[in-house]
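Okay, structure first, notes after.
Here, each number is a calculation from the coordinates, and none is a lab measurement. Just so you know, these numbers come straight off a predicted model, no measurement behind them. For neighbour counting, all protein chains shown are included, and Cβ atoms are generated from backbone atoms with ideal geometry for every residue, glycine included.
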Amino acid sequence: MKPLLLSVAALFLFASVFSPARSDTAMEASMKLMSQASKQLGTDLAQTDDTKHAKDLDLKSVASIKAESLKSRDLVPKKEQSLPPDQQQTMTQDFQKDMDTFIKDVDTLNQDIQSEQWNAARDDFKKLMDEQRADHKLYRTKH
Ligand code: HEM
């Protein structure tokens, strides 16, 4: 009985240490939260009746995107480790510069929603999604 219990315990320990969730980087965890917030915003901004927006929820999502972007800005993308050492510093600088632009544009979206400028909010949200796509091409490892 005891060896069986020990084997089960060892299996659990192994699974908890090596499960895919453990291999998430802090940046990936932030990005997942940004992804959830973007989905809520995308759905709400697609709403054509501008009297029906979930303004408070939208503002929470924008705040979450901003908080997670600020956290990510001070982290290092995984891709950087695969670059030659003499290119790594440039990548950090470019990444931080693009994150700063993104964060500034998140602030603009926040103002649009605060002042209920829904058409501007739609345009500025689209701009963020375009930046996200371009930045992922530059800074994410290809699978
Ligand atoms: C709302 C905007 C964004 C969304 C919804 C988003 C979403 C995501 C998602 C879903 C992942 C994969 C996470 C995983 O594998 O678990 C990811 C990874 C990543 N994203 Fe974003 N992203 C956004 C903006 C940005 C911006 C602006 C940058 C860079 C300036 C960026 C850089 C990265 C990097 C470098 C990774 C790979 C993580 C790592 O290296 O550890 N993302 N993103």
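Quick look at the values:
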| item | result |
| --- | --- |
| Rough spin-label spacing in nm, given labels placed 7 Å along Cα→Cβ, for GLN40 and ARG122 | 2.2 |
| Cβ-based exposure ranking for LEU109, LEU138, in which fewest neighbours within 10 Å come first | LEU138, LEU109 |
| For the range 24-139, with +1 on Lys and Arg beta carbons and -1 on Asp and Glu, the positive-most of SER72, GLY42, ALA26 along the dipole | ALA26 |
